[in-house]
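Reading through the structure tokens given below for one structure.
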Amino acid sequence: MIGPQELAFLGRGLMWTLALTAIGFTGGIVFGFLVALARVSPLKWLRWIAAGWIAVFQGTPLLMQLFVVYFGLPLLGFSPPAWGAVAVALTAHASAFLGEIWRGAIQAVPGGQTEAAHALGLGYRARMRDVILPQALRLSLPATIGFLVQLLKGTSLAAIVGFIELTRAGQIVSNQTFKPLLVFGLIGLIYFLLCWPLSRLGRRMELRLAAATAR
Amino acid sequence: MAGTDDILIRMEKVEKYYGNFHAMRDVNLTVRRGEKIVLCGPSGSGKSTLIRCINHLEAIRSGRIVVDGTELTDNPQAIDTIRREVGMVFQQFNLFPHMTVLENCMLAPLRVRKVSRAEAEATARKYLDRVRIGNQAEKYPAQLSGGQQQRVAIARALCMEPIAMLFDEPTSALDPEMVKEVLDTMIGLANDGMTMICVTHEMGFARQVADRVIFMAEGQILEENQPDAFFRNPRHERTRAFLGEILAHH
Ligand SMILES: Nc1ncnc2c1ncn2[C@@H]1O[C@H](COP(=O)(O)OP(=O)(O)OP(=O)(O)O)[C@@H](O)[C@H]1O
Ligand SMILES: [Mg+2]
């Protein structure tokens, strides 16, 4: 049977899933912001670097990215704990996807806004901070939340490098209790309860945005 | 340099290309301090291009543009100086939708002129009152009519206390009943002595305020004259055809 001990074990896995998501998302926000700015920079070489970064992480499976970082960091002389390697991989992954989402949002702000800002003599900082980014952020919220859901589910891949988050914890408990259906049913339900409200929130924002722009 | 001092904007032999497309050919134009110029011509003749070159929204291929003694080059400082001194009003208003009317007007003085918030707000309220929209200061652009939005855009430009104003078809996106309130605002500005270059097909406005009317076709200035002579006695066949069409539509 699944007793309190097993539940506590699953609970610890859940905490790690949430922690990894939070780390990946936070790191992704910080670095993704830089990637997005580089992607729309007036400097060609900076745009190219950012485009390359995005292409690499969007063009390969997250699973492979986890492997490369997990086995690659020690080769470079770093030996972070498993969660550290996973956090680095998730952050890099998220920075590419969020960077691309925000690049699109920045470019979706009508060109007249940039022109008006130029005509008023606003410099790069003021143009971005006061005029473009606030509008781009609003436009990007639905897709950003959509990616958060993806990332949360993506953390389950950390199981492959032996890291005990929710999915891996489920595997272990299922092996001990011989109740795979029950255990994975429970785990599926937990993922669903986390992701579904987020998806709903994203969808609501999208509808509200569509209504606002149709006005 | 004395004697040229009252020339505020000077364009000499300006050539502009979009890729291979030759958009402005040998454009020469001088605008004296306080002068009001109306620029007209068929669609695609380069009117917008001309005024957008003056504040470097477009870069030119060759020739010179000098604004109030500052030569416009690729030097960012020269560009900043000129943009600070020349206001622009667009056909589509281009107000910042996420800011209130007041914030729209305060932004550039705060960020570019670096004045205090109190001073920026006082300036904003002064010019909002001047365009008779002071009571809407806390609203967002989307809550205003087109004519009101365009008047806010004029106030926003005025808050930088420019020495000249560029207008790119400021009334052509407006419903007919709102055209007059915007033109009246522009007439008020003209009467206060503002130097203005207006791209517009409002010929009544041109007659009333313009010192000179300039006609462009295919990237060239084809003819320019005082409004009376321009309308009564256009020299070029192209001008006559254009005026015939415009007046038939109005
Ligand atoms: N960014 C651009 N890239 C390429 N071609 C352009 C660009 N902007 C304008 N043009 C072309 O340059 C020519 C002049 O355009 P411009 O907008 O200055 O004309 P206009 O006289 O203002 O016309 P309208 O009355 O339609 O506003 C047109 O043929 C236009 O197609
Ligand atoms: Mg035009």
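The values are calculated or read from the model by the stated rules, or taken from the named source; none is laboratory data. Just so it is clear, the model here is predicted, and its values are computed rather than measured. Neighbour counts are summed over all protein chains in view; Cβ atoms, including those assigned to glycine, are modelled from backbone coordinates with ideal geometry. What goes into the accessible areas is simple: the full protein's heavy atoms, side chains included, and nothing from ligands, DNA or RNA. Shrake-Rupley method; radii C 1.70, N 1.55, O 1.52, S 1.80 Å.
Odds and ends about this structure:
- Just one of the numbered conditions (1) without any contact (Cβ under 8 Å) to a residue 12 or more places away in the chain; (2) within 14 Å of chain B (Cβ to nearest Cβ); (3) in contact with a helix residue (DSSP H, G or I) (Cβ under 7 Å, 6 or more places away or on another chain) is not true of A:SER174: (2).
- The condition of being within 16 Å of ligand 2 (Cβ to nearest atom), out of contact with any His (no Cβ under 9 Å at 6 or more places or on another chain) and in contact (Cβ under 8 Å) with a residue 12 or more places away in the chain does not hold for B:ASN104.
- B:LYS47 falls short on exactly one of the conditions (1) within 15 Å of the chain's Cα centre (by Cα); (2) among the charged types (D, E, K, R); (3) more than 16 Å from ligand 2 (Cβ to nearest atom), and that condition is (3).
- When region B:116-132 is filtered for residues that are buried (at least 17 other Cβ atoms within 10 Å of the Cβ), of a type outside the set (S, T, N, Q) and more than 20 Å from B:GLU181 (Cβ to Cβ), the ones remaining, listed by number, are B:ALA120, B:GLU121.
- Exactly one residue among B:ILE37, B:ILE60 is closer than 26 Å to B:HIS236 by Cβ, in contact with a Lys or Arg (Cβ under 7 Å, 6 or more places away or on another chain) and within 16 Å of ligand 2 (Cβ to nearest atom), and that residue is B:ILE37.
Here's the yes/no breakdown for (1) near ligand 1 (Cβ under 9 Å from one of its atoms); (2) within 15 Å of the chain's Cα centre (by Cα):
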site	(1), (2)
B:ILE7	no, no
B:GLY19	yes, no
B:VAL27	no, no
B:LYS36	no, yes
B:SER43	yes, no
B:CYS53	no, yes
B:HIS56	no, yes
B:ILE60	no, no
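- Any strands (runs of 3 or more DSSP E) falling wholly within region B:33-96 and containing at least 2 residues that are open to solvent by less than 10 Å² (accessible area, probe 1.4 Å) and within 13 Å of chain A (Cβ to nearest Cβ): B:86-89
- Note on region B:14-32: among residues that are buried (at least 21 other Cβ atoms within 10 Å of the Cβ) and within 16 Å of ligand 2 (Cβ to nearest atom), the one that is farthest from the other protein chains (Cβ to nearest Cβ) is B:VAL27.
- B:ASP80 vs. criteria away from ligand 1 (no atom under 16 Å from the Cβ) and closer than 14 Å to A:GLU115 by Cα: yes
- Of the residues A:ARG47, A:ARG125, A:ARG138, A:ARG129, the single one that is within 30 Å of B:ARG83 (Cβ to Cβ) and touching a residue at least 12 places away in the same chain (Cβ under 8 Å) is A:ARG138.
- If the condition is being open to solvent by 40 Å² or more (accessible area, probe 1.4 Å) and within 14 Å of chain B (Cβ to nearest Cβ), then region A:134-168 contributes A:PRO134, A:LEU137, A:ARG138, A:LEU139, A:LEU141.
- Within region B:124-143, the residues that satisfy the criterion of being out of contact with any Lys or Arg (no Cβ under 9 Å at 6 or more places or on another chain) and within 14 Å of chain A (Cβ to nearest Cβ) are B:TYR140, B:PRO141, B:GLN143.
- Tally of residues being more than 14 Å from every other protein chain (Cβ to nearest Cβ) and either of a type outside the set (A, V, I, L, M, F, W, C) or open to solvent by less than 10 Å² (accessible area, probe 1.4 Å) (or both) across region A:88-126: 13
- Among (1) buried (at least 19 other Cβ atoms within 10 Å of the Cβ); (2) modelled with pLDDT under 95 - the single one A:LEU75 does not satisfy: (1)
- The set of residues in region B:144-184 that are more than 14 Å from chain A (Cβ to nearest Cβ) and either within 16 Å of ligand 2 (Cβ to nearest atom) or β-branched (Val, Ile, Thr) (or both) comprises B:THR171, B:SER172, B:LEU174, B:VAL179, B:VAL182.
- In region A:99-215, counting only helices (runs of 4 or more DSSP H) that sit wholly within it, the ones holding 3 or more residues that are within 30 Å of A:MET64 (Cα to Cα) span A:133-154, A:166-177, A:180-214.
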